[in-house]
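First comes the structure, then the notes that go with it.
The values are calculated or read from the model by the stated rules, or taken from the named source; none is laboratory data. Here the structure is a predicted model, which means the values were calculated and not measured. Heads up, the Cβs are rebuilt from the backbone with ideal geometry, glycines too, and the neighbour counts pull from every protein chain shown.
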Amino acid sequence: MNEKKILERIVINPNVMVGKPVIKDTRLTVEYILGLLAQGATFEEVIEEYQGITTEDIQACLLFATKSLESTEFMPLTVKAA
């Protein structure tokens, strides 16, 4: 499946979750799904907990985040000496 088709699974609607990107036809935000994965949840666990979403939906969340970060510039954080 090409990137464009995958990204169609993510929608932004100002009337749903105050305009945060969500998985189409759900109220599950990209941010929430990424948070679950960051805390160690597997794709299978997320799919089991939130029936109706698919592996492709989770992949779309990852791709959306990747694409969002492509145009972001970062400044290094300084670490204060102890």
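Listed here are the residues, each with its yes/no results for (1) over 17 Å from Lys4 (Cβ atoms); (2) of a type in the set (D, E, K, R).
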| site | (1), (2) |
| --- | --- |
| Glu31 | yes, yes |
| Leu36 | yes, no |
| Thr42 | yes, no |
| Tyr50 | yes, no |
| Ile53 | yes, no |
| Leu63 | no, no |
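In region 61-77, the residues that are basic (Lys, Arg) form Cβ pairs under 9 Å with partners that are assigned to a helix (DSSP H, G or I), at six or more places apart or across chains, as follows: Lys67/Glu3; Lys67/Leu7.
For Ile33, indicate whether it is farther than 17 Å from Glu8 by Cβ, in a helix (DSSP H, G or I) and either aliphatic (A, V, I, L, M) or in contact with a Phe, Trp or Tyr (Cβ under 6 Å, 6 or more places away or on another chain) (or both).
On the way: farther than 17 Å from Glu8 by Cβ: no; in a helix (DSSP H, G or I): yes; either aliphatic (A, V, I, L, M) or in contact with a Phe, Trp or Tyr (Cβ under 6 Å, 6 or more places away or on another chain) (or both): yes.
It is false that Ile33 is farther than 17 Å from Glu8 by Cβ, in a helix (DSSP H, G or I) and either aliphatic (A, V, I, L, M) or in contact with a Phe, Trp or Tyr (Cβ under 6 Å, 6 or more places away or on another chain) (or both).
Residues of region 39-82 being closer than 20 Å to Thr26 by Cβ and part of a loop (DSSP other than H, G, I, E, B), which ones? Scanning region 39-82 gives Gln39, Ala41, Thr42, Tyr50, Gly52, Thr54.
Taking the criterion of being within 23 Å of Glu48 (Cβ to Cβ) and in contact with a Phe, Trp or Tyr (Cβ under 8 Å, 6 or more places away or on another chain), the residues of region 6-30 that qualify are Ile10, Pro21, Thr26, Leu28, Val30.
For region 39-46, the count of residues that are surrounded by fewer than 17 Cβ atoms within 10 Å (Cβ to Cβ), on the phi > 0 side of the Ramachandran plot and modelled with pLDDT of 95 or more is nonzero.
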